[in-house]
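The values are calculated or read from the model by the stated rules, or taken from the named source; none is laboratory data. Only a predicted model underlies this, so the values are computations on that prediction, with no experimental measurement involved. In this analysis, Cβ positions are derived from the backbone assuming ideal geometry, glycine residues included, and neighbour counts consider all displayed protein chains. The protein model used for the area step is the full one, side chains on, heavy atoms only, and it has no ligands, DNA or RNA in it. Shrake-Rupley method; radii C 1.70, N 1.55, O 1.52, S 1.80 Å.
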Amino acid sequence: MSLLTPLGLLAGLLSIPIILLYMLRLRRREVTISSTFLWQQILQDNEANTPWQKLRRNLLLFLQLLILLLLAFALARPFVIVPAISAGEIVVLLDASASMNATDVAEGTRFDEAKRRALEIVDTMGSGDNMTIIRVAGIPEVLASSTNDRLRLRNAIEAAQPSQSSADWGSALTLTRARANSTDDFNVVLISDGGLGTATNLPTIPGDLRYIPIGQSSSNLAITALATRERPGEEPQLFSQITNYGDEDAEVIFDLRVDGELFTAERFTVPANGDLPITSEALPDGFTILQAGLTIPSDSTIPDYLEEDNTAWSVPSGTTIRRALLMSPANLFLEQVLRSLPGVESFKGDINRGLPRIEFDLYVFDSWLPDELPDGDLFIVNPPSDTPLFDVGAITSATDNIMLKRDDPRLTFVDFDDVEILQFVQIRNADWADELITADGGPLLLAGEVDGRQVAVMTFDIHNSDLPLQITWPVLMSNLMEWFTPRDAISVPDGLGVGSPLAIHPPFDAETVRITLPDGETRTLDVDRETLVFAETNTPGIYSLEVMQGDTVLQSAQFAVNLFDANESNIAPLEEINLGGATITEAETEEIGQREFWPWLALAGLIILLIEWYVYHNRLRVPTAG
């Protein structure tokens, strides 16, 4: 045994004043009395009246000296030399991915076991060692940075929690490399079940890498796919897949809930190391949330050690396809731009046959109008005659001084400075419309809502302009299509994987986007760009999204986040890992460490102090009459 701070033994010198206090005799006060008869017994005392007396056996004195001895040794920090995994400048990478929630260890989860192994490394740190703790989850997190403070390290490790997402080992190793210094004594200890994923292709990090494998079994059943499809005129279809990562065939109950109500529950046998696809075409129409779950039958002997991948969610695809009908004598420019716009399914009609009987979301009339306007959104180009919505006046060539309503979102990034227009028709009695683009002779583009539909009117034949040759032409058409039927803010028909970012495309007039997480908490994003990115998808479940303009909800949608990650569901622990082309096996205790036991001495001192307090107060008790 050795001492880290031997000067702490000097505290033992405090035993001298303690002993002296017990030898010190109380001074007697002289008092004048009338007679000494009653004091004869005292007068027979043969001891000299000195300030000191002989030290006698005393239990309190023994206990107090013992307490002082224990505290002095605690201050001296005694330790013994023990084998250690690592020493020097140590970085501990603590795997906190979803697979570390597996319960195939003796006590608790794999993450609990990983924390116990990390605490063992802390306990064997030498006086010159420093340690950094990095929790590796979807986003690596430094829990404690390069410190020798064991209490701080222990608190950081004990407070760590596992995640439900994949681990970003690439970022974690990059962060570790950034902490490597010029010293030769730089060591990295990786505590994991071995599922590093793409990190196996990364170059190795400086210093020595030690690997502590966690886990014992590969037995796990998981839902690895869940998707729905709904085609026009057909019932919604379901596709799901169950994967057995264990080495034995396993029985499982697969249940399906539609909007919270149990829809079906069936028992299946999933082959060892195999997949079981499940399809269904009997889903009810109009459902909003589909939840699938796995349950192990009570009579099954095959364990399922990871529960995080036993539940999956799906929502019907909310992608909006705008069906647009073009009625025109011949306008290649309009045909091409409608075909190129995302989310628009364009059709071309025959003006000689009139409008088809099939209904469309948007009707584009170019230099032609039907006898009766259909019930739908309208985009009228170069109107040839009056309609119930407006009157057509004379043709004018007063196209100078073109002005745009710059603050209107339908004209975002639209520039008419270089556009030349030969002539246009004048429109009257269209009070319902906003004049978006005007010239000296009147409006060139009007748009507004009337009779419950959206209507836009372009008052010139685009062949009489160079607009189709300008970059602003597809921009203008895209803006108008966005206004007619705003595109969906999100498009994730099959949901997201845990930790995957979500791209949000709010409409022009949106101000904020509010997202409700599966636990009920909300996040609010300000709309300050065309595309927003939401990255807080670290929890599986259903997320709700609302696109807001003030307190008005412009759009709402739901999307599912699932743990469809074979790297996490395949919980088979690896006894060795490959990093930077090198194979790294389980770490051995090759270093020399120090195990201190001063906390036990301090605890023993506290217990004896309580005994001393009890003995002292017990002596002060006044005997009661029998």
The listed residue being within 13 Å of the chain's Cα centre (by Cα), modelled with pLDDT of 90 or more and surrounded by 16 or more Cβ atoms within 10 Å (Cβ to Cβ), out of 517, 496: 517
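Given the criterion more than 41 Å from the chain's Cα centre (by Cα), under 30 Å from residue 365 (Cα atoms) and surrounded by 19 or more Cβ atoms within 10 Å (Cβ to Cβ), identify the matching residue among 456, 489.
Values: 489 fails: more than 41 Å from the chain's Cα centre (by Cα).
Result of the check over 456, 489: 456.
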Number of positions in region 334-352 that are open to solvent by 80 Å² or more (accessible area, probe 1.4 Å), outside any strand (DSSP E or B) and within 19 Å of residue 378 (Cβ to Cβ): 0
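Every residue, every condition in (1) among the aliphatic types (A, V, I, L, M); (2) modelled with pLDDT under 90; (3) over 55 Å from the mean Cα position of the chain (by Cα), yes or no:
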position: 368; (1), (2), (3): no, no, no
position: 385; (1), (2), (3): no, no, yes
position: 396; (1), (2), (3): no, no, yes
position: 410; (1), (2), (3): no, yes, no
position: 413; (1), (2), (3): no, yes, no
position: 425; (1), (2), (3): yes, no, yes
position: 446; (1), (2), (3): yes, no, no
Given (1) open to solvent by 70 Å² or more (accessible area, probe 1.4 Å); (2) touching a strand residue (DSSP E or B) at 6+ places or on another chain (Cβ under 8 Å), where does residue 360 come up short, assuming only one miss? (1)
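Give the residue that is farthest from residue 453 (Cα to Cα), with candidates limited to residues of region 486-523 that are among the β-branched types (Val, Ile, Thr) and in contact (Cβ under 8 Å) with a residue 40 or more places away in the chain.
Restricting to residues being among the β-branched types (Val, Ile, Thr) and in contact (Cβ under 8 Å) with a residue 40 or more places away in the chain, the top hit is 498.
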Flag if residue 331 is in contact with a His (Cβ under 8 Å, 6 or more places away or on another chain) and surrounded by 20 or more Cβ atoms within 10 Å (Cβ to Cβ): yes
With respect to the numbered conditions (1) out of contact with any Asp or Glu (no Cβ under 9 Å at 6 or more places or on another chain); (2) within 30 Å of residue 304 (Cβ to Cβ); (3) at pLDDT below 90; (4) open to solvent by 60 Å² or more (accessible area, probe 1.4 Å), which one is the sole condition not fulfilled by residue 178? (2)
Please enumerate the residues belonging to region 465-480 that are in contact (Cβ under 8 Å) with a residue 40 or more places away in the chain, open to solvent by 10 Å² or more (accessible area, probe 1.4 Å) and either aromatic (Phe, Trp, Tyr) or farther than 15 Å from residue 340 by Cβ (or both). 465, 466, 470, 473
Of the conditions (1) touching a residue at least 60 places away in the same chain (Cβ under 8 Å); (2) closer than 30 Å to residue 559 by Cα; (3) under 39 Å from the mean Cα position of the chain (by Cα), the single one that residue 323 does not satisfy is (1)
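Of the residues 614, 543, which is open to solvent by 80 Å² or more (accessible area, probe 1.4 Å), modelled with pLDDT of 65 or more and either under 24 Å from residue 125 (Cβ atoms) or not β-branched (Val, Ile, Thr) (or both)? First the steps, then the outcome.
Working: 543 fails: open to solvent by 80 Å² or more (accessible area, probe 1.4 Å).
Selected residue: 614, the only one of 614, 543 that is open to solvent by 80 Å² or more (accessible area, probe 1.4 Å), modelled with pLDDT of 65 or more and either under 24 Å from residue 125 (Cβ atoms) or not β-branched (Val, Ile, Thr) (or both).
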Please tell me if residue 388 is surrounded by fewer than 19 Cβ atoms within 10 Å (Cβ to Cβ) and not acidic (Asp, Glu). yes
How do the pairs read when you match residues in region 133-144 that are under 17 Å from residue 89 (Cα atoms) with residues anywhere that are part of a loop (DSSP other than H, G, I, E, B) and open to solvent by 10 Å² or more (accessible area, probe 1.4 Å), using Cβ under 7 Å and keeping only pairs 6 or more apart or on different chains? 134/140
Output the qualifying pairs, or none if there are none: Cβ atoms under 6 angstrom, residues six or more apart or on different chains, first residue in region 255-267 and surrounded by 11 or more Cβ atoms within 10 Å (Cβ to Cβ), second residue of a type in the set (Asp, Glu). 265/255
Out of (1) open to solvent by less than 90 Å² (accessible area, probe 1.4 Å); (2) over 28 Å from the mean Cα position of the chain (by Cα), the one residue 290 does not meet is (2)
Looking at (1) open to solvent by less than 20 Å² (accessible area, probe 1.4 Å); (2) modelled with pLDDT under 90; (3) among the charged types (D, E, K, R), which is the one condition that is false for residue 309? (2)
With respect to residue 442, determine if the residue is on the phi > 0 side of the Ramachandran plot and open to solvent by 40 Å² or more (accessible area, probe 1.4 Å). no
Of the residues that make up region 135-157, is at least one surrounded by 22 or more Cβ atoms within 10 Å (Cβ to Cβ) and assigned to a strand (DSSP E or B)? yes
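Restricting attention to region 158-170, which residues are part of a helix (DSSP H, G or I) and either open to solvent by less than 20 Å² (accessible area, probe 1.4 Å) or on the phi > 0 side of the Ramachandran plot (or both)? Let's see the steps before the verdict.
So the first thing to find is which residues in region 158-170 are part of a helix (DSSP H, G or I), and the list is 158-159, 169-170.
The answer is 169, and nothing else.
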Can you name every residue in region 434-444 that is in contact (Cβ under 8 Å) with a residue 40 or more places away in the chain and within 52 Å of the chain's Cα centre (by Cα)? 444
Tell me which strands (runs of 3 or more DSSP E) are completely within region 553-596 and hold 2 or more residues being of a type in the set (S, T, N, Q) and either modelled with pLDDT under 90 or open to solvent by less than 40 Å² (accessible area, probe 1.4 Å) (or both), or say none if there are none. 582-585
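From the list 462, 421, exactly one residue is in contact with a Ser or Thr (Cβ under 6 Å, 6 or more places away or on another chain) and open to solvent by less than 30 Å² (accessible area, probe 1.4 Å). Which is it? Break it down stepwise before answering.
Details: 462 fails: in contact with a Ser or Thr (Cβ under 6 Å, 6 or more places away or on another chain).
Exactly one residue qualifies, and that residue is 421.
For every residue, the table says whether it meets (1) closer than 30 Å to residue 140 by Cβ; (2) assigned to a helix (DSSP H, G or I); (3) at pLDDT below 70.
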site: 50; (1), (2), (3): no, no, yes
site: 66; (1), (2), (3): no, yes, no
site: 79; (1), (2), (3): no, no, yes
site: 83; (1), (2), (3): yes, no, yes
site: 90; (1), (2), (3): yes, no, no
site: 104; (1), (2), (3): yes, no, no
site: 108; (1), (2), (3): yes, no, no
Subset of region 399-408 (residues that are at pLDDT 90 or above and either of a type outside the set (Val, Ile, Thr) or within 42 Å of the chain's Cα centre (by Cα) (or both)): 400, 401, 403, 404, 405
Every listed condition ((1) touching a Leu at 6+ places or on another chain (Cβ under 7 Å); (2) under 19 Å from residue 344 (Cβ atoms); (3) in a strand (DSSP E or B); (4) touching a residue at least 40 places away in the same chain (Cβ under 8 Å)) holds for residue 457 save (2)
